[in-house]
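Just so you know, all these numbers are worked out from the coordinates, no wet-lab data involved. Quick caveat, the model's predicted, so the values are computed rather than measured. Cβ coordinates were reconstructed from backbone atoms using ideal geometry, including for glycine residues, and neighbour counts include every protein chain displayed.
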Amino acid sequence: MKVAVFGTKSYDRQFLEEAARGTEIHWHFFEPRLTETTVPLAHPYQAICCFVNDVLTSEVLEKLAQGQTRMIAMRCAGYNNVDLAKAKELGIQVARVPAYSPYAVAEHAAGLILTLNRKYHKAYNRVREGNFSIEGLLGFDLHGKTVGVIGTGKIGQLFAKIMHGFGCELLAYDIQPAEECTELGAKYVSLDELFARSDIISLHCPLLPATKHLVSDKAIAQMKRGVMLINTSRGALIDTKAAVAGLKSGQIGYLGIDVYEEEADLFFENKSETVIQDDVFARLMTFPNVLVTGHQAFFTENALQAIAEVTVENLQEFVAGKTLSREVKID
Ligand code: NAD
């Protein structure tokens, strides 16, 4: 079966080709993302392979269904960009890769904390320029700090373990508490208490209607002055305008994000010669205590290999007419 891959990068091609070798899955790689404009490219393919910033709204799905496509293999865990109700109505199945390397994301979150705190990015540049001054690089011990983990699923639990290793006190919030976290000594508390008591807050819950703008101006006002806020989950968990206001007032002391609510038009592309039109993002870039990475938390060899292998398995189940074991659907 030929499968159209949207938003292809060189690394997608490398790992997907390797995983499909010797199978009945053959890729047709397209560089553009799936959007209302590019959706006709999908028409001849029974299955397509998409990523986090492909547009799978009801309008795009309607157009997709006018062609052959009956399956979408998401090469990621999140599926907040897919209108699942519309997919179901149109008879299009959606499968995903529920877990690939939760270590990759948890480790990246820890990396954002260390970089914001100890300013490795600044130190690297200074030393390269022969400037060995350590003025302005002052950090704090992580040991003894209180870390609030919101969402203690696969990634949140690993992140909690890492921070426990640093000697941090752990607070947690989840609608389904995990024993593994309690065993580490984490205390499940209300969101209000987590906001009020944490020195560092890290987001690891999915983006759902209930979690959109979980970090709002009201939530930020409840936090400790100078709090460090980390988001490696999904951009819209944070109301970015509220975060900008919090940074300006000093209420937020550090912001480390791998995801941004309007990232679709920016991330995964080289925009170095382009004038950025997003004024909120441009304002974020002016703060010395903001660190943004472009949705790279998942980006390890281990994760890409696992994503490609599971994506091929999902497609093989579809070809064989089997029940999709990693299908995402609404009841
Ligand atoms: P998971 O499903 O194992 O865990 C999610 C946790 O969030 C669960 O424990 C769930 O009970 C909890 N949750 C659900 N609704 C909640 C709510 N309203 N409030 C608090 N907690 C709630 O998922 P995971 O594998 O740990 O991934 C977490 C998120 O990380 C994903 O949703 C995805 O958006 C993001 N992610 C980002 C990257 C990246 O590269 N930046 C890569 C993979 C995943």
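GLU18 versus VAL127, label points 7 Å from Cα toward the beta carbon: distance in nm?
My value for the distance between the label points is 3.0 nm.
Taking the alpha-carbon set of the chain, what are its Rg and Dmax in Å?
When restricted to the Cα atoms of the chain, Rg and Dmax are 21.0, 64 Å.
State the answer as a single residue: which of THR23, ALA95, THR323 lies farthest towards the positive end of the charge dipole of the chain, with beta carbon charges of +1 for Lys and Arg and -1 for Asp and Glu, about the Cα centre.
Of the options given, the answer is ALA95.
To the nearest 20 debye, what charge dipole does the range 1-139 have about its Cα centre, counting +1 at the Cβ of each Lys and Arg and -1 at the Cβ of each Asp and Glu?
Values: 16 positive and 14 negative charges, 69 e Å.
That gives the range 1-139 a dipole magnitude of about 340 debye.
Length gain on complete extension for the stretch LYS329 to LYS241, per 0.36 nm per residue less the alpha carbon to alpha carbon distance?
28.5 nm
Suppose every Lys and Arg Cβ carries +1 and every Asp and Glu Cβ carries -1, with no other charges. What dipole size does the chain come out with about its Cα centre, to the nearest 20 debye?
Using only the charged Cβ atoms, the result is roughly 420 debye.
Nearest 500 deg cm²/dmol is fine: what mean residue ellipticity at 222 nm does the chain get from its DSSP H runs of n ≥ 4 alone, each adding -39,500 (n - 2.57), divided by its residue count?
Dividing the helical sum by the residues of the chain leaves -10500 deg cm²/dmol.
For the range 150-280, take N as its residue count and report Rg(C-alpha) divided by 2.2 N^0.38 Å.
1.10
Assuming R0 = 30 Å, what is the FRET efficiency of ALA196 and TYR103, from their Cβ-Cβ distance, to the nearest 0.05?
So, using R0 = 30 Å, E works out to roughly 0.50.
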